[in-house]
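Nothing in this text is a laboratory measurement; each read-out follows from the coordinates by a stated rule. Being a predicted model, the structure only gives us computed values, none of them experimental. Positions of Cβ are generated from backbone atoms using ideal geometry, with glycine treated the same way; all protein chains shown enter the neighbour counts.
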Amino acid sequence: MVIPSANDILAALGGGALIGLAASAYLWSHGRVAGISGVLASLFAPGDRATRAVPAAFIGGLVLAGLVLRGAAPHVYGDGPGLGTALLAGALVGVGTRLGNGCTSGHGVCGISRGSVRSVVATLVFIATGAATVLALRALGVSP
């Protein structure tokens, strides 16, 4: 078992606080929940360009932040999967968010904080499914 350092704990708390602050600011300023799958879906929804400007900036900011972090601290990403595996994983996550009527950011961050029972149940299902997948892969010798 790995025991986290004080710096690890403070970094996690700081990151969680920033996510909560950003989700609150998005809800306050735009009147919408900052669930990534919902924001992404609104980017492709019919309407004029002005209605897609905020979702485009939101998704663009996520991508840009990832690229900046990759350049500033590439060790954070490790070796990672190949492009094919990443695309397959992304497609499976997309299907899961449609089946679950939202993603971990919408249910786990925004829904639970609003007291949504549906979001609590969805988040518990996400976590249980992830844990079961890890255990199954380890049992098959696929994952460390």
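Once the C-beta distance of His30 and Val142 is scaled by a Förster radius of 41 Å, the resulting FRET efficiency is 0.50 to the nearest 0.05. A Förster radius of 41 Å, combined with the Cβ-Cβ distance separating Ala53 from Leu13, puts the computed FRET efficiency at roughly 0.80.
Taking 8 Å as the Cα distance limit and 6 or more residues as the minimum spacing, I'd like the relative contact order of the chain as a percentage.
Details: 65 pairs, mean separation 34.6, N = 144.
Dividing the mean separation by the residue count of the chain yields 24 percent.
When the alpha carbon coordinates of the range 1-74 are projected onto the principal axes, the ranges are 50, 28, 21 Å, largest first. What distance in nm separates the simple spin-label points at Ala45 and Leu83, each placed 7 Å from Cα in the Cβ direction? If labels sit at Ala45 and Leu83, their model points lie 3.3 nm apart. Between Ala6 and Val95, full extension at 0.36 nm per residue minus the direct alpha carbon distance yields a gain of 28.3 nm. Mind checking the angle between helix 83-99 and the chain's longest principal axis? C-alpha axes, 0 to 90 degrees, to the nearest 10. Roughly 60 degrees between the two axes. Relative to the longest principal axis of the Cα atoms of the chain, helix 117-139 runs at roughly 30 degrees.
Calculate for the chain the 222 nm mean residue ellipticity that helices alone would give, adding -39,500 (n - 2.57) per DSSP H run of length 4 or more and normalising by residue count, nearest 500 deg cm²/dmol.
On the way: 5 runs with 97 residues, N = 144.
Mean residue ellipticity, 222 nm, calculated: -23000 deg cm²/dmol.
Relative intensity of the range 1-133 on a log10 scale, I(q)/I(0) at q = 0.09, 0.13, 0.21 Å⁻¹, equals -0.33, -0.71, -1.59, per a Debye sum over C-alpha point scatterers of equal strength in the absence of solvent. Placing pseudo-labels 7 Å out from each Cα toward the beta carbon at Ile127 and Ala72 gives an inter-label distance of 2.9 nm. Measure nothing fancy, just the Cα-based angle from helix 6-30's long axis to the longest principal axis of the chain, in degrees from 0 to 90, nearest 10. Its long axis makes an angle of about 20 degrees.
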